[in-house]
Amino acid sequence: MFQTYQYPEFDYRQSEEQRTGTVKRHPMVVIGAGPIGLTAALDFAQRGIPTIVIDDNNTVSIGSRAVCYAKRPLEIWDRLGCGERMVDKGIKWKIGKVFFQDDLTYTFDLLPEDGHKIPAFINLQQYYLEEYMVEECEKSNLIDLRWKHKLINLTQIDDGVSLTVETPDGVFTMEADWVLACDGANSDTRKMVGAGFSGQFFQDRFLIADIIMKADFPTERWFWFDPPFHRGQSALLHKQCDDVWRLDFQLGWDSDPEEEKKPEKIIPRVKAMLGEDTEFELEWASVYQFACRRIDNFRYGRVLFAGDAAHQVSPFGARGANTGVQDIDNLAWKLKLVMDGEAPESLIDSYHEERAFAADDNLLNSTRSTDFITPKSEASRRFRDAVLDLSEVSDFAKPLVNSGRLSAPTPYVESSLNTADEDDFSGVMTPGTCCADAPIRVGGEDAWFLNQIGDGFALLVFGDDEAEDIESGNIKARVLRVGKDIDDADGLLADRYDGKPGTVYLIRPDQHVAARWRNFNDNKVQAAMKTAIGAA
């Protein structure tokens, strides 16, 4: 027998406010203890915001569910103290292969260059991800995880929110300055505020089968169009930890979800794919449909939305949880500045501006992937099959093969928080882009650039020892001097940032570029800092 995951159960506890019947006001209440809600709790706590998390369950997610986590979310989790553990446990990969019928059509490398702490992707079952974050949350005295607490009503008041919560001991009321809804694609919170959630719903059905087996397949993502073992449809195979493998089969519009989930239907499909003699156990299975849609506004007064509660995409490209984590990365520092009175409340509106822009980009890519994988007409199918045939012999066709454009961060190129370039730069580190990592040395020890930025504003300065920390009001931008504070021995940092002598980058608290110049000027830095907090 194969070893299977043992699900933890977390204790329900009655809070003092519930026990005494006292309505208590909290700075932040997060709805939902999935990957996005737990990420929010960790980020808020790291910035000094006391946070209550309520969830109507008392364990981690059942089944592998989301399994593919990209470089940028892993960098965020690394900042929050649990990224290294995820990477150590997960299956690291960067190579993908696409097959058409019997032939290998296309191979891609998601991180062809060296010099990065975090891999391109890891595969890790969602239950491990949540378990690690729960354990990290429990270390903090600023996070209160409340299990078996279900939100049943929400009312906005003048400067906050009133929440009615149901527990095994009955119903009680609590208040919050701010509420963050991370309660999934079927968000009750979204319904309570009357938010719109529009987009495209797809009829195609897919089967996920997570199996446990010993196999010597490489740790790569394999995707098939019209394979011999599943004619006329698509299939996917990739590895998770503990010898768990994710298999994904396209089923078609007319399939019966309840029938397809039965082991007697799943096992023949798996054997057709892997061979009749392959030994395996079925760990978890699900039949799903999906939609590509988003909320009309990420903010409703003092109620904010993140993750699947704000946007829903197809699973092709691993964009769901990965983009939700980046929602939190964008929001947490802004909330902290507003709560501390260091930025106008209107800064919170830039959360919708930037993350709706990113959501629309993800929805576009997700829809294109879906249309390529599941063509809706005979003409579309002929086009797709022609692309796949040509990609075997012609390089120009390879980028057109779309088995799910893998998740990548969306630069906030049109953000009102950016300061436009006034000098010439090469490379991709434009204002609005998340910072690239690079190996460096600090105090004679090997280190990584992203780990040195911290969670406030920073000034990356190349070769100007006169540059000093800059203050704008009570907000400080800490200087990191390349050549003094940071040893760029390999030159990769300068290469990735086009760091000619004198170059200066202003970096936001979410490690995105806010502005850059070829020479240090304190007045320009202060002006850019005001722009970056919405106070220009």
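The values are calculated or read from the model by the stated rules, or taken from the named source; none is laboratory data. Here the structure is a predicted model, which is why all the values come from computation and not from measurement. Every residue, glycine among them, receives a Cβ derived from its backbone with ideal geometry; neighbour counts consider all protein chains shown. These accessible areas exclude ligands, DNA and RNA; they are computed on the full protein's heavy atoms, side chains included. Shrake-Rupley method; radii C 1.70, N 1.55, O 1.52, S 1.80 Å.
Give me the extension gain from CYS241 to ASN141: residue separation times 0.36 nm, minus the current Cα-Cα distance, reported in nm with one decimal.
Length gained between CYS241 and ASN141: 32.9 nm.
In the range 349-438, which trypsin sites (Lys or Arg not before Pro) are in a loop and have at most 14 other Cβ atoms within 10 Å, using DSSP for the loop call?
Taking the range 349-438 and a limit of 14 other Cβ atoms within 10 Å, the loop trypsin sites (Lys or Arg not before Pro) found are LYS376.
Mind listing the Cα extents of the range 165-261 along all three principal axes, in Å, largest one first?
Dimensions of the range 165-261 along the principal axes of its Cα atoms: 57, 33, 26 Å.
Quick query: amide H of ARG221 versus all other amide H atoms, modeled in the peptide plane; which residues come in under 5 Å with a sequence gap of 5 or more or a different chain?
ILE95, GLY96, LYS97
So if I restrict to the alpha-carbon atoms in the range 127-219, what is the Rg, and what is Dmax, the biggest pairwise distance, in Å?
Answer for the range 127-219, Rg first and Dmax second: 19.2, 60 Å.
How big is the charge dipole of the range 343-499 about its Cα centre, in debye rounded to the nearest 20, if each Lys and Arg gets +1 on its Cβ and each Asp and Glu gets -1 on its Cβ?
1060 debye
Projected onto the charge dipole of the range 84-149 (+1 at Lys/Arg Cβ, -1 at Asp/Glu Cβ, origin at the Cα centre), which of PHE121, PHE99, SER140 gives the Cα projection farthest towards the positive end?
SER140
Taking the Cα centre as origin and putting +1 on Lys and Arg beta-carbons and -1 on Asp and Glu beta-carbons, what dipole magnitude results for the chain, to the nearest 20 debye?
Value, rounded to 20: 820 debye.
Once neighbouring chains are kept in place and the probe is 1.4 Å, which whole percent of the accessible area of the range 290-357 is contributed by carbon and sulfur?
Carbon plus sulfur share of accessible area: 44 percent.
Taking θ = phi - 60°, what integer Hz values does the Karplus form 6.51 cos²θ - 1.76 cosθ + 1.60 yield along the range 158-175, in sequence order, with x for Gly and Pro?
For the range 158-175, the Karplus curve yields 3, 10, x, 9, 9, 10, 9, 10, 9, 9, x, 9, x, 9, 9, 10, 9, 10 Hz.
How big is the C-alpha Rg of the range 105-160 next to the rule-of-thumb value 2.2 N^0.38 Å, as a ratio?
Cα Rg divided by the expected 2.2 N^0.38 Å: 1.98.
Mean shadow of the range 400-536, computed from the convex hull of its alpha carbons, in nm²?
That works out to 9.6 nm², a quarter of the Cα hull's surface.
Keeping every protein chain present and rolling a 1.4 Å probe, give me the accessible area per residue for the range 463-536 in Å².
44 Å²
With a cut-off of at most 12 other beta carbons within 10 Å, and DSSP calling the residue loop, which GluC sites (Glu not before Pro) in the range 126-213 qualify? Please list them.
GLU138
For labels at GLU9 and LEU364 in the simple 7 Å Cα→Cβ model, what's the distance in nm?
4.9 nm
Got a sec? Charge dipole of the chain, +1 on Cβ for Lys and Arg, -1 for Asp and Glu; which of THR433, THR173, GLY199 is way out at the positive end?
GLY199
Of the listed pairs LYS71/LYS398; LYS191/LYS376; LYS117/LYS262; LYS97/LYS271; LYS92/LYS148, which have alpha-carbon separations greater than 30 Å here?
With Cα atoms farther than 30 Å apart: LYS191/LYS376; LYS117/LYS262; LYS92/LYS148.
Could you calculate, for the range 218-297, the ratio of the Cα radius of gyration to the Kirkwood radius, expressed as Rg to Rh?
That ratio is 1.01, to two decimals.
Note the full-extension length gain between ASP424 and ARG441 as 0.36 nm times their separation in residues minus their Cα-Cα distance, in nm to one decimal.
Result for the pair: 3.3 nm of gain on full extension.
Name the residues whose placed amide hydrogens come within less than 5 Å of the amide hydrogen of LEU304, ignoring near sequence neighbours (fewer than 5 apart) on the same chain.
Distant-sequence amide H within range of LEU304: VAL179, LEU180, ALA181.
Which whole-Hz ³J(HN,Hα) couplings does the range 425-442 yield from phi under the Karplus relation 6.51 cos²θ - 1.76 cosθ + 1.60, θ = phi - 60°, glycine and proline marked x?
Once rounded to whole Hz, the list reads 9, 10, x, 9, 7, 6, x, x, 8, 6, 5, 7, 7, 6, x, 9, 10, 10.
Taking H placed 1.01 Å from N in the peptide plane, check which residues at least 5 places from ARG516 or on another chain put their amide H under 5 Å from its amide H.
LEU506
Defining a contact as two alpha carbons under 8 Å apart and six or more residues distant in sequence, what relative contact order in percent does the range 378-461 show?
15 percent
Which three lengths, in whole Å and largest first, does the range 1-145 cover when its Cα atoms are put on their principal axes?
Largest to smallest, the principal-axis extents are 68, 40, 24 Å.
Give me the dipole magnitude in Debye, nearest 20, for the range 73-226 about the Cα centre, with unit charges on the beta carbon: positive for Lys and Arg, negative for Asp and Glu.
Approximately 240 debye in magnitude.
With every protein chain present, what accessible area does VAL87 have (1.4 Å probe, heavy atoms only), rounded to the nearest 10 Å²?
Estimated to the nearest 10 Å², VAL87 gives 20 Å².
Would you please calculate the Kirkwood hydrodynamic radius of the chain over all C-alpha pairs and express it in Å, rounded to one decimal?
This gives a value of 24.7 Å.
With no solvent and one equal point scatterer placed on each C-alpha of the range 426-465, evaluate the Debye formula and give log10 I(q)/I(0) for q = 0.18, 0.23, 0.28, 0.33 Å⁻¹, two decimals.
Per q value, in the given order, log10 I(q)/I(0) is -0.64, -1.01, -1.24, -1.24.
Tell me, what HN-Hα J-couplings in whole Hz come from the Karplus equation 6.51 cos²θ - 1.76 cosθ + 1.60 at θ = phi - 60° for each residue of the range 111-126, using x for Gly and Pro?
Calculated HN-Hα couplings, in order: 8, x, 9, 8, x, 10, 5, 9, x, 4, 8, 10, 10, 8, 4, 4 Hz.
So, for the range 171-240, what is the accessible surface per residue at a probe of 1.4 Å, expressed in square angstrom?
36 Å²
Please return the longest stretch of the chain lacking exposed loop sites, where chymotrypsin sites (Phe, Trp or Tyr not before Pro) count only if DSSP places them in a loop and at most 15 other Cβ atoms lie within 10 Å.
The reported range is 254-536.
Given the DSSP H assignment, sum -39500 (n - 2.57) over each helix run of at least 4 residues in the chain and divide by its residue total; what's the result at 222 nm in deg cm²/dmol, nearest 500?
So the helix-based figure for the chain works out to -8000 deg cm²/dmol.
Could you pull the accessible area for HIS311 with a 1.4 Å probe, rounded to 10 Å²?
We get 10 Å² for HIS311.
Below 8 Å between Cα atoms, with a sequence gap of 6+, how large is the relative contact order for the chain in percent?
Answer for the chain is 14 percent.
Relative contact order for the range 360-500: what percent, with Cα pairs under 8 Å and sequence separation of 6 or more?
So the answer I get is 17 percent.
Whole Å is fine, so just give me how far the alpha carbon centre of the range 387-457 lies from that of the range 50-96.
21 Å
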